[in-house]
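Have a look at the structure below, then the notes.
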Amino acid sequence: MRAVTFQAPGVVAVEERPEPELLDPEDAIVRIEATGVCGSDLHIYHGRVQIEPGFTIGHEYVGTVLAAGDRVTRVAPGDRVLGCFQTACGGCWFCRRGLYHRCEQSRTFGHGATLGSLQGTQADMALVPHADLVLRKVPEGMSDDVALFAGDVMGTGFHAVVASGMRPGDAVAVLGLGPVGLCAVQVARACGAARVIAVDSVPERLQVARGFGAEAVHLTDEDVRAAVKGATDGRGVDVCIDAVGDPRALDMALRLTRACGSVQCIGVYAERAEVHMGLLWLKAINLRGGHANVLAHVDPVLEMMAAGVLDPSPLVTHHMKLDEAPEAYAVYDRREALKIILTP
């Protein structure tokens, strides 16, 4: 089968790999029919997240179940499914408390030995451990473009809002309008935010945020702090979501957030970062971070998408073939695409 593999920083390739085989009674094998290129994949592409050369990358996927182990009961061969970006055992101390993202046996697709050596989903087929927990049937009539978002990007945007403690009527700022940030904008509006201020430097992304009901502010052409103060009677936002994963964004988030407000870091931090603890302490800000508990959120996210309350389809700007993956990564790295979906 074909698979997209990491070769070196800035280099991916499409190579032939052995077809996956069932290794455990809880496994399933999925024929991949749509897989996304994600901002997290760019961290691998740039060498920021370490991975072994030749490892299959990718972690977003929709497809059809080809085979399932004897203990898989919720999906069966022939089912059209979407999958979450990481696995969980369902039985450890963390899983029993619904903290699936901290499962003691968690593995993340396409991230190498550091995150469980689970081959990625930018391929013709993928092995899915703990299939009953990781996979969901795609609702009738839902397109691949929409379903793909439930297992990562929309689930991550949903987690950012829920974990922040946002309440109806709050003012929210979202820093960074990649797909995750834009999904957070949409979720915040759907969950009752009175105002959402969306910040980025790419005009096309700001326009999408406006379409989702946000007040768009250009990072460099406008005064972000003045815009936030003007929208909140000088207090600052109740919640600020850092969807960038950069110390500068974190510092801005602390400055935009009101006293006793919340900063939620959903962007990837792979290195040390300084936090202005004096500012955080003086303002009594709640700071939260970590990757998203998508396995806990996938069902409500899927239901909200099926009902049309959440609609990620405007984020998909490019469809490309799996064999075009090297060019897809180059296009995404140049910020010429918002979301790229690869198909066989």
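General remarks:
- Here 180, 174, 244 are screened, and the one residue that is in contact (Cβ under 8 Å) with a residue 40 or more places away in the chain, of a type in the set (Val, Ile, Thr) and in a helix (DSSP H, G or I) is 180.
- Across region 150-171, the qualifying residues are those that are in contact with an Asp or Glu (Cβ under 8 Å, 6 or more places away or on another chain) and assigned to a helix (DSSP H, G or I), and the one among them that is nearest to residue 313 (Cα to Cα) is 153.
- Of the residues making up region 224-233, none is closer than 23 Å to residue 333 by Cα and open to solvent by less than 40 Å² (accessible area, probe 1.4 Å).
- Annotation note: of 126, 198, the sole residue that is within 23 Å of residue 325 (Cα to Cα), in a strand (DSSP E or B) and small (Gly, Ala, Ser) is 126.
- Entry remark, region 91-122: residues being under 15 Å from residue 54 (Cα atoms) and either small (Gly, Ala, Ser) or touching a residue at least 60 places away in the same chain (Cβ under 8 Å) (or both) number 10 in total.
- Here 170, 152, 223 are screened, and the one residue that is among the charged types (D, E, K, R), at pLDDT 95 or above and within 30 Å of residue 80 (Cβ to Cβ) is 152.
- Residues that are closer than 16 Å to residue 190 by Cα and either free of Cβ contacts under 8 Å to residues at least 24 places away in the same chain or not in a helix (DSSP H, G or I) (or both), drawn from region 287-331: 303, 307, 308, 309, 310, 311, 312
- Qualifying residue in region 254-264 (condition: of a type in the set (D, E, K, R), surrounded by fewer than 24 Cβ atoms within 10 Å (Cβ to Cβ) and touching a Ser or Thr at 6+ places or on another chain (Cβ under 9 Å)): yes
- Candidates 236, 278, filtered to the one that is modelled with pLDDT of 95 or more and farther than 30 Å from residue 88 by Cβ: 236
- Subset of region 7-62 (residues that are closer than 24 Å to residue 155 by Cβ, of a type in the set (Val, Ile, Thr) and not in a loop (DSSP other than H, G, I, E, B)): 29, 30, 32, 35, 37, 44, 56, 62
- Only a single criterion out of (1) open to solvent by 40 Å² or more (accessible area, probe 1.4 Å); (2) over 13 Å from residue 146 (Cα atoms) is not satisfied by residue 308, namely (2).
- Within region 19-40, residues that are in contact (Cβ under 8 Å) with a residue 12 or more places away in the chain and open to solvent by less than 10 Å² (accessible area, probe 1.4 Å) reach partners that are hydroxyl-bearing (Ser, Thr, Tyr) and not in a strand (DSSP E or B) with beta carbons closer than 7 Å, at six or more positions or on different chains, in the pairs 32/121; 35/121; 37/329; 37/332.
- Just one of the listed residues (265, 260) is under 26 Å from residue 103 (Cα atoms) and of a type outside the set (S, T, N, Q), and it is 265.
- Qualifying residue in region 106-117 (condition: part of a helix (DSSP H, G or I), among the aromatic types (Phe, Trp, Tyr), under 16 Å from the mean Cα position of the chain (by Cα) and buried (at least 21 other Cβ atoms within 10 Å of the Cβ)): no
- Filtered by the rule that a residue be crowded, with 17+ Cβ neighbours inside 10 Å and in a helix (DSSP H, G or I), region 332-344 gives a lone residue, 332.
The values are calculated or read from the model by the stated rules, or taken from the named source; none is laboratory data. Predicted model, so just to flag it, every value in this text is computed and none were measured. Positions of Cβ are generated from backbone atoms using ideal geometry, with glycine treated the same way; all protein chains shown enter the neighbour counts. These accessible areas exclude ligands, DNA and RNA; they are computed on the full protein's heavy atoms, side chains included. Shrake-Rupley method; radii C 1.70, N 1.55, O 1.52, S 1.80 Å.
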